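Here's the structure, in structure tokens; my notes come after.
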Amino acid sequence: MESLIGLLVAAPLLGALVLLTGGRRLDRAGHWLGTALAATSFVLAVVLFFDLLGRADGDRTLHQHLFSWVPVAGFQADIAFQLDQLSMTFVLLITGVGSLIHLYSVGYMEHDPRRRRFFGYLNLFLAAMLLLVLADNYLLLYAGWEGVGLASYLLIGFWQDRPRAATAAKKAFIVNRVGDIGLSIAIMLMFTTFGTFAFGPVLSSAAETGEGTLTAIGLMLLLAACGKSAQVPLQSWLGDAMEGPTPVSALIHAATMVTAGVYLVVRSGAIFNAAPDAQTVVIVVGAVTLVFGAIVGCAKDDIKKALAGSTMSQIGYMMLAAGLGPIGYAFAIMHLVTHGFFKAGLFLGAGSVMHGMNDEVDMRKYGGLRKYMPVTFITFGLAYLAIIGFPYLSGFFSKDEIIYAGFAKGGTQGWILGSVMLLGAALTAYYMTRIMLLTFFGEKRWQPDAHGHEPHPHESPATMTIPMIVLAIGSVGAGFAFNLNESFAHWLEPVTGLAHGDSPVGHGTVSLAATAVMVIGVGAAYLQYGRRPAPVVAPAGSFVTRAARRDLLQDDFNHAAFVTPGTYLTRGLVYVDHKLVDGVVNGLAAAFGGLSGRLRRVQNGYARSYAVSMFGGAAVLIAVTLLMRAV
Amino acid sequence: MNALTTLGTLAAETSTSTGESVQFWILAPIAVAGGLGTVLMRRAVYSALCLAGTMIILALFYLANGAYFLGVVQIVVYTGAVMMLFLFVLMLVGVSAADSLKETLKGQRWLAALLGLGLGTLLIAGIGQAAGGSFTGLGQANAGGNVQGLASLLFTRYVVAFEVTGILLTIAAVGATMLTHRERIERIKSQREQSVDRIKNATHIPPLPAPGVYARHNGVDIPGLLPDGTPSELSVNATLRGRGQIREVHREALRDLTALEQRTATYHGQRRQQGIDGGTDGASVGAGNGTEDERGDAGEESR
Amino acid sequence: MSPDNYLYLAALLFTLGACGVLLRRNAIVVFMCIELMLNAANLALVAFSRMHGNLDGQILAFFVMVVAAAEVVVGLAIIVMLYRSRHSASVDDASLMKL
Amino acid sequence: MSFPLLTATALAPAIGAVATAAVPAARRTAAKWTALGFSVVTVVFAAAVLLRFDTGPGADRYQLTESLTWIRDFGVTYELGVDGIGVAMIGLTAILIPFLIGAGWNDADPKEGETPQGRRWRPTQGFFALILLVEAMVIMSFAATDIFLFYIFFEAMLIPMYFLIGGFGDRAGSGDEAGQARQRSYAAVKFLLYNLAGGLVMLAAVIGLWVATNDQLGSGTFSLAAIADAKAAGELTFGTGTERWLFLGFFFAFAIKAPLWPLHTWLPNAMGESTAPVAVLITAVVDKVGTFAMLRFCLGLFPEASNWATPAVIVLSLVSIVYGALLALGQRDMKRLIAYASISHFGFIVLGIFAMTSQGHSGATLYMVNHGIATAALMLVAGFLISRRGSRLIADYGGVQKTAPVLAGTFLVGGLATLSLPGLGPFVSEFLVLVGTFSRYKAAGIIATVGIVLAALYVLVLYQRTMTGPVKPGLEKLPDLRMRELAVVAPLIALLIFLGVYPKPVTDIVNPAVEHTLSDVNKTDPQPNVTVTEAEGASHE
């Protein structure tokens, strides 16, 4: 069985290699090959899953040690995999959603000349992501971590001839790199502290380590998580990442990659448990992002950016839950999975809408689409209900559990967290409803685009609708299934541990409150957008709105804080290097040149003046000898 | 010869005799004067002669110091051969090529003077320091005869050096011939051929005009005059021309001519007044000669 | 008188020769001055040999003469060449050693 | 004495150089093939060295040794021998050269409309002969275990390099031929003077060393082995002052060669003006001699002084890392950008060397190899691009990826290797260096990580400006990589991936040598402060 783990990663990796180096002859069948390989690894994942189910709770951890990667004295890094419940969950999510989105892309990218390469990149992403979640040590995880970064870079910038896409891709990679510093420093700290960075020994011996070190490691890990999961303060790239093709946004920037940060935190739970300060910071980051993303989501008119904001805020939920420790880990992952379903579904829906609307992304130019694309409408609607936490859909369960856990943190902290999350829930309901109304309800507001093409909204082909349907089913049913006598939490318990804090408010109350705020949010949105037709051109709006449209000025801040000074610094240094460092050298050279220029005047070529110096020399010699004798 | 022996006896003694000192004090200033002359004379020939003089005096000093062989060699080889070589070269290069003593290099003269003084004083100071009053004469060294003594040394201790210098001399001789030898590219033309192509390209077909061939001058360095009185370069030897050693005398010659004509004219005037004596013939003949001469000259040129 | 005077004379002549070398431009004259210096040296050598009472000084002087002769031969040949090529025997005209 | 394998390895390219130079002017292609052939022969010999090298426990430190007396009076011997580090470097050199020759296949041909000036005028032959000559000298300096011998080749290398830089410019004929020539000769002279200055100081140190040994051992020696024995026997002990001066003398030369800030300014000129293969030759092969020599001579001969100088050197290397990266960001000229990137990387290498940990040393050695290959890939592709457009300015490019996707792809891979992406060789080495540094000097390690971000920045900015976006006018007809060019780049990339995924072969060779070096400077790795309980650490079975 263990040997299958390697195959999980190998299949898509093979696909990537073949598709990227294969050349044009693969153009016709390439996409099917990619999809097939993705499906293969999904099948393998299912097989392994049932194998794990077949085992006893205790030994549901498989290891596969392929070969020693970097053996240097004390520093032993291996290419080795570890499959336990946590990674199993991710593997299923990744391969499952991944395969669906491959299928979807077959239709979505049909007319793109570089479709083969697109699938190559998708496979590459799958391989890297699987490596990330299957690695049994932090260094290998780091490899996968950067691998998904690369894949997302390639996919965001897939339409490279669009300058904005290229810029967005670069931005994403750079910001992630900043996060990666955290991960690498964390690994170095682990190495210096434990002499290893394999999950097993590190996590098992985390407890008997000084809290200071652990806090440092935890914060560094958090930094990495912020980069990858677009948490404040490293969130700025996610919005721009929507430049990429929509399937990419669905797979990478909604369902899987952006949740890697949560995986990292949960995986390193042992460390965080022993470092409460770090946990607090995690919680804060989560809470801030939660609200931040929600606000941004409320203001955007670009449907994908709005969804991106929502992603941010949902991951904020997960992060917060992960920060809560054992009482939150399981639910963080649970919400992660359900979110994977409905957010992927939402994105695919959005993609299908754009597909029908000549890639128009401005929601204000949609309207009344439910008549034209019913399947999209229904699937999108179900996912919508799921995300706003409509009772007994998946979002309802996972989110409520998290909110409950927040209260369960206890004390004022608990109250603060709970209320913040409730506010978040309200905002979620508001912006999702807004999207829903602007897109599918009301009158049609689209006009011919620049080329005078009147968009003809139509339902997408089966390759696109089928995944949407599957995901819709998932987003409806997953939460319920998971929550049956906490099956999901118990499944994860051996890895993450499970605890029930003492909540001041009961379960029912929390659910009730959540539903209430949800209703409020929906109502508010309906009042604003449902009753009267929305203006095609966005109104100026208040300062807050304008700020939110600009992602709450995050880019402006980054620009002012880093980009501009950096540019000036480099310019200055170039000048210094040329004028100062080089100038000294050149000056020296010039000085010598001048000196020799003077000296060569002596060589005037007249034999007689040479004779003069000769006799002079003789005279001096005689004088010296005489002096010598005299002395 | 007896002079030599007396000098020898002088040298044999361990302190110089008054005779020698007298000789020294007479000859030394002359030697120095010769040296000065060598340095300061404008014409190279004079420098050479001065040098020769100095050398002869030095030869005498050698003799006085008991170096008979060297003294003789000095006179025969140095003064006789080397200096003559110098004079030959001077002749080749131009006897009267007197270089102006005007200094071209800036400050050269001052430096030279300074160095001269410095060097001189230093040397003299050095000698003064080293001077040890008494000295052993060449008595027993020259006992078997100076030449024999030299020979025995030369062919025993210094034989290698001697051979080497021999080789050096040979090389020098060969080198000198190599340097001065000029490779002839084409055969020397015979007189016949020369005249032939003189005719061919019609350049002074007749023999060149003779130099200075007119009244009261016949030096080779004086050009003949054309009828209009201007000198004819052709009439002077090419070498002299090359060295610019043509004596430009035609002006006063012309002046003399006009004076002569003047005189004849006046003489004729008197003759007309007096109308006696046949001296006119001679005069007329002379004048006729002169004119005849000029005509011939002019004729040569024009032809 | 003491034979040192010969040495003084030699020094004087040598200096004169040196000055000549520095001052004169006519290569031949320069040459003569060099000869003068050599002769001065010879005089000193002869005087030395007399002082020390052996003939080595004279031998040396003899060699000096020989070498001087060789040198003169070659040198004068060079001068003649020089004169042929550039119709002047001035050492200043041959100032091509300048870079 | 067995077959002199090392001599043969060095001799092969030398003979090749002569043979290539001897090819008549008209037979240009023949010359190219000759050069290629001999470089391949060298690879074979290097492979033999690799195989014959015994990495087992208890193997000698220096193997394949050869020893002949040379100048007895000065104790100069012809001593060759390699430790693991030397083997790695020789391997790198031997492997790179054929690709450089392949890449520079047409670089030295007479330009269009340029008529051969006479029978003796044969730039092509000269170009390849010089490259082979450099290879021979580099291999010798990697193999020499006699300090004087090393010094000779260390210096002699400059001569062919000088001609390579000054004599063969880019085809980037941007009109102003004369200006280019001036720039080129300036660069060549600058390169020469810098390195000569270093060499001079080193010579002084070499003589000083000889004097020191002469005073204490009675007979001066340059042989590493002899000195090591004498030290071990306690017969040879440098005074603190002496040792420091000698160390500084050697280090100065190596720091110029390496190049370390602030002695770096010759590199951008040299790499900017010379053709791409020569630029690679400079930074990937020749400069490595500097860092290699730091490991073998500075640390090996003057351990105390090395420890004494460590703080200063670490600061310098940190400055190099950040400074080089920032300047790379500021460049307008592709090749200069890569040059500054190299400066940053050399900072990493030196950092690893002076971290004095086994990770640091192995990392540095690996880094030398990886950086060589990565820079080769990036620079050569850049060279292909430049030769197509005839300009080195980044601003002249854009959207290349649309017209020449393969070129863009390879360029990107090269770039990713430069920013040390996991899965490609440089990542392993860079991380080892970082860990090695961090485990001894926390702050230094953290500052060095900044280099990671900056590297990503300059690489991706370069890629974005040149390859993405709308196609710049004048590039519509840009041809994609040709067969020859692909044949040059593809193996390099494969090599990068292999070294990234399975560097074990290299580390196995390097590790023993590293242990020796560490014991030279009598340092041991800092131990983790928590002893891990291998509870369920069933991570490897």
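Select from A:Tyr317, A:Val258, A:Leu26 the residue farthest towards the positive end of the dipole of chain A; place +1 on Cβ of Lys and Arg, -1 on Cβ of Asp and Glu, and compute about the Cα centre.
A:Leu26
Please list, in order, the residues from segment C:64-84 whose amide nitrogen is less than 13 Å from a point placed 7 Å along the Cα→Cβ vector of B:Val160.
What the label zone holds, given the 13 Å backbone N cut-off, is no residue at all.
Sort out for me the Cα centre separation of segment D:307-364 from segment A:367-444, rounded to whole Å.
51 Å
Run down the aspartates and glutamates and flag those whose C-alpha is under 20 Å from the C-alpha of B:Lys200, throwing out any fewer than 8 positions away in its chain.
B:Glu186, B:Glu300, B:Glu301
What is the dipole size for segment C:4-86, taken about its Cα centre, with +1 at each Lys and Arg Cβ and -1 at each Asp and Glu Cβ, in debye to the nearest 20?
420 debye
Could you give the angle, 0 to 90 degrees to the nearest 10, between helix C:27-52's Cα long axis and the longest principal axis of the Cα atoms of chain C?
Between the helix axis and the principal axis of chain C, the angle is about 10 degrees.
With r defined as the distance between the Cβ atoms of A:Leu498 and D:Asn529 and R0 fixed at 45 Å, what FRET efficiency is calculated, to the nearest 0.05?
0.90
Is the shape of segment A:559-630 rounded, prolate or oblate, going by the alpha carbon gyration tensor and its root eigenvalues a ≥ b ≥ c, with a/c under 1.5 for rounded and a/b larger than b/c for prolate?
In terms of gyration-tensor shape, oblate.
Can you return the lysines within cross-link range of A:Lys409? Criterion is Cα-Cα under 19 Å, with same-chain partners fewer than 8 residues away left out.
The qualifying lysines are A:Lys399.
Would you calculate the separation in nanometres between label points at B:Arg192 and D:Gln180, each defined as 7 Å from the Cα along the Cα-to-beta-carbon direction?
6.9 nm
Which one of D:Leu149, D:Ser39, D:Ala443 is farthest out on the positive end of the charge dipole of chain D, using unit charges on Cβ (Lys, Arg +1; Asp, Glu -1) and the Cα centre as origin?
Sorting the options by dipole projection puts first D:Ser39.
Note down the magnitude of the dipole of segment A:559-630 about its Cα centre, charges +1 on Lys and Arg C-beta and -1 on Asp and Glu C-beta and zero elsewhere, to the nearest 20 debye.
400 debye
Can you tell me the 0 to 90 degree angle between the C-alpha axis of helix D:177-217 and the longest principal axis of chain D, rounded to 10?
10 degrees
For the protein assembly as shown, build the charge dipole from Cβ charges (+1 Lys, Arg; -1 Asp, Glu) around the Cα centre, then report which of A:Ala524, D:Leu351, D:Asn529 sits farthest towards its positive end.
Farthest towards the positive pole: A:Ala524.
In a solvent-free Debye calculation with one equal scatterer on each Cα, what is log10 I(q)/I(0) for chain D at q = 0.05, 0.06, 0.12, 0.13 Å⁻¹, listed in the order of the q values?
Cα-only, vacuum Debye calculation for chain D: -0.19, -0.27, -1.12, -1.31.
Shielding of D:506-514 by partners, i.e. mean partner chain Cβ atoms within 10 Å per residue?
The shielding value for this peptide is 2.
Quick one: helix D:240-257 against the long Cα principal axis of chain D, what's the angle to the nearest 10°, folded into 0 to 90?
10 degrees
Between D:Ala395 and A:Glu459, what FRET efficiency follows from the Cβ-Cβ distance if R0 is 30 Å, with the result rounded to 0.05?
E(calc), rounded to 0.05, equals 0.05.
Could you list the residues of segment A:576-616 with an amide nitrogen less than 19 Å from a label point located 7 Å from the Cα of D:Ala197 in the Cα-to-C-beta direction?
From segment A:576-616, the list is A:576-597.
Please arrange D:Leu203, A:Leu26, A:Leu130 by counting, for each residue, the other beta carbons lying within 10 Å of its beta carbon, fewest first.
Ordered from fewest to most neighbouring Cβ atoms within 10 Å, D:Leu203, A:Leu26, A:Leu130 come out as D:Leu203, A:Leu26, A:Leu130.
Out of every Cα-Cα pair in the protein assembly as shown, what percent are more than 67 Å apart?
39 percent
In bins 10 Å wide, starting from 0, what share of all Cα pairs of chain A does each bin hold, as a percent?
3, 15, 25, 24, 14, 6, 3, 3, 3, 3, 2, 1, 0
So how strong a dipole does the protein assembly as shown carry about its Cα centre when Lys and Arg Cβ are +1 and Asp and Glu Cβ are -1, to the nearest 20 debye?
3880 debye
Rounded, prolate or oblate, given the Cα gyration tensor of segment C:1-62, with a/c below 1.5 counting as rounded?
oblate
Kindly provide the Kirkwood hydrodynamic radius of segment B:18-95 in Å, to one decimal, from all pairs of distinct alpha carbon atoms.
Every distinct Cα pair counted, the radius reaches 13.0 Å.
Under 30 Å Cα-Cα from D:Lys335, which lysines qualify once same-chain neighbours fewer than 8 residues away are excluded?
The reachable lysines, counting only those whose Cα sits under 30 Å from D:Lys335, are A:Lys170, A:Lys171, A:Lys579, D:Lys32, D:Lys111, D:Lys190, D:Lys257, D:Lys288, D:Lys402, D:Lys472, D:Lys477.
Relative contact order for segment B:18-95: what is it in percent, counting Cα pairs under 8 Å that are at least 6 residues apart?
Worked out over segment B:18-95, it gives 27 percent.
Where the centre of each part is set by its Cα atoms, how far does segment D:14-42 sit from segment C:54-72, in angstrom?
So the separation of the two Cα centres works out to 61 Å.
Distance from the Cα centre of segment A:237-301 to that of segment A:37-94, in angstrom?
So the two Cα centres are separated by 24 Å.
So for the pair A:Asp359, A:Ser419, with labels modelled 7 Å out along Cα→Cβ, what separation do we get in nm?
Distance between label points: 4.7 nm.
Please work out the FRET efficiency for the pair A:Tyr392 and A:Val505, using the Cβ-Cβ distance as r and a Förster radius of 25 Å; give the result to the nearest 0.05.
0.80
Each label point is 7 Å from the Cα along the Cα-to-Cβ direction; what then is the distance between the points at A:Phe592 and B:Glu103, in nm?
My value for the distance between the label points is 3.7 nm.
Tell me what chain D gives for mean residue ellipticity at 222 nm when only DSSP H runs of n ≥ 4 count, each as -39,500 (n - 2.57), the sum divided by the residue total, rounded to 500 deg cm²/dmol.
Calculated at 222 nm, the ellipticity per residue is -23000 deg cm²/dmol.
FYI, it's all coordinate maths here, none of it is from the lab. These figures come from a predicted structure and were not determined experimentally. When we count neighbours, we look across all protein chains shown, and the Cβ atoms used for this are built from the backbone with ideal geometry, even at glycine.
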